[in-house]
Amino acid sequence: MIKYNLKCDINHIFEAWFKNSAAFDDQASAGHVSCTVCGSSQITKAPMAPSVPQKGNRQSIKAADKKISDDKQAALALKALRQVRKTVEDNCDYVGTQFAEEARKIHYGEVKQRGIYGEATNDEKAELADEGVELSAIPWVPNSDA
């Protein structure tokens with residue numbers, strides 16, 4: 001797994017994890033990576049400082065062998081994302097494709113404030129962000145591997 005600092009076309013900075021560099025390139029070119037703030041899919045890598053250990057702080061080979069394997073890290077990440085999904089489903093109302101409309105109603109006090117989730121296009125997400133409506137994009141993983 002590799003973590004990148006990413007930047008959208010209007011300079012929002014956020015981080016994301018990918019299996020490898022090629023996975024980022026493939027997903028970004030297909031438009032599958034979007035800004036967590038505005039929803040833009042025009043994403044580039046932002047400058048990052050490499051993590052270089054000082055001479056006295058290098059891990060021994062034995063310690064490196066104890067690191068969790070990439071597969072186990074991916075499984076733990078998937079488990080955590082499934083827990084996020086369960087928490088959202090248990091505590092929020094699903095509004096489907098009416099997400100943008102319902103989020104506006106809540107933001108402007110037309111309906112009672114509550115947690116909602118659903119689908120919105122990148123344009124709808126950008127419009128909501130411009131209006132000051134708080135929203136977050138959550139990776140929606142399947143409930144099981146089946």
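The values are calculated or read from the model by the stated rules, or taken from the named source; none is laboratory data. Bear in mind that the values here come from a model prediction, so they are computed numbers and not experimental data. Here the Cβ is made from the backbone with ideal geometry for all residues, glycine too, and neighbour counts use every protein chain on show. When the accessible area is computed, the model is the full protein with side chains, heavy atoms only, and any ligands, DNA or RNA have been set aside. Shrake-Rupley method; radii C 1.70, N 1.55, O 1.52, S 1.80 Å.
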- prompt: So what are the ³J(HN,Hα) numbers for the stretch 26-31, from phi and the Karplus equation (6.51, -1.76, 1.60; θ = phi - 60°), rounded to whole Hz, Gly and Pro as x?
  reply: 5, 5, 5, 5, 7, x
Karplus-derived 3J(HN,Hα), 6.51/-1.76/1.60, for each residue of the stretch 118-129, Hz, glycine and proline x: x, 10, 8, 6, 4, 5, 4, 5, 5, 5, 4, 4
message: For the full complex of protein chains and a 1.4 angstrom probe, list H107, H32 by accessible area with the highest value first.
response: H32, H107
field: Cβ-derived FRET efficiency at R0 25 Å, S144 paired with C92, nearest 0.05
entry: 0.75
- prompt: Stretch N20-K72 to full length: gain in nm at 0.36 nm per residue minus the Cα-Cα span?
  reply: 17.2 nm
field: Amide hydrogen neighbours beyond the local backbone of I116, cut-off 5 Å, H modeled
entry: D93
query: Accessible area of I43, 1.4 Å probe, to the nearest 10 Å²?
result: 20 Å²
Amide H within-cut-off set for L6, under 5 Å, with H built and near neighbours excluded: F14, E15, A16, A46
- prompt: Under a 5 Å amide H to amide H cut-off, with H placed in plane at 1.01 Å, what residues pair with I43 once short-range neighbours are removed?
  reply: none
